[in-house]
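Notes to accompany the following structure.
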Amino acid sequence: MQAAAARAERLESLRVLSAGLAHDFNNILATVTGNAEFALQRAGEDSLLREALEDIREAGRRAAEMVRQMLRFAGGGELAREPVDLIAVTLDTLRMLRGALGNGVMATTDLPETPVVVMADPVGIRQVLMNLIINASEAMAEGGGTLTVRVGHQRVTRAYLDRCRQRTCFGCADAQPGAYACLEVADTGVGMDAATLERIFEPFFSTKFQGRGLGLAAVLGVVVGHRGAVHVESEKGKGTTFRVLLPLTCEG
Ligand code: ADP
Ligand code: MG
């Protein structure tokens, strides 16, 4: 329990720090990319100069993507509220990522027949799913395996929320009992030990070579912004399951 409180506190201070940084950084970035674009228009035929300017523009684009993920973690930016069918988003995202899944990764789904609609931010939800699927695929980069996306409804009771204290979850402390939609991404990959699990939602925490460590931070920001919760179960060498719960009624 104490570990969970310390974890939440650490995340909260990182959230404040990220919000400030991301905001200032965005303004600087706008100057860099805006001027690179302007210079490109004037660079004429000088191919070396054009190449250098295109590199600046590309680096700016990557930095902007990082800032977006940081802002999502920080809960900055308005969340849209519109009906989002989790089944449609799942199928769409899997189709989009088909080519990006590792060799030997088999993607399967477990979806109900009728739509599972939440009032949510469609871009945010898509990003949650994308980040979870990419991580699952990366966890199976070595030996391949099965990636399963499940969508469904879940009734969350007080007892369920109490049990949450015993596992790695976020958002449950503030969650209310009620009807939720659930979105689960499971893999049969490398899994995590307890020390890693403890830190996965921190921005810039990564165990990967050249990992940015912003994917799960963004996931958490979006989920908490929707007053949802996220649970993780993982076993080293066996695999990992992320379960995202999103309230079905819009409570602002
Ligand atoms: P990145 O993918 O850039 O490392 P993330 O925020 O997406 O950053 O993930 C943070 C860390 O959480 C990863 O480096 C990895 O250690 C761990 N992780 C996330 N998803 C999984 C997964 N499905 N299986 C095993 N480890 C995972
Ligand atoms: Mg990632």
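Nothing in this text is a laboratory measurement; each read-out follows from the coordinates by a stated rule. Keep in mind that what you see is a predicted model, and the values were worked out from it rather than measured.
List of remarks:
- One chain, two ends: R10 and D174. Fully extended at 0.36 nm per residue, the span grows by 57.3 nm beyond their Cα-Cα distance.
- Averaging the Cα positions of each part gives two centres, and for region 79-103 and region 1-57 these lie 26 Å apart.
- Between region 115-144 and region 182-252, the alpha-carbon center distance in angstrom: 10
- Note on region 51-102: along the principal axes its Cα atoms extend 43, 31, 17 Å, ordered by decreasing extent.
- Annotation: the antiparallel percentage among DSSP beta bridges lying fully within the chain is about 85.
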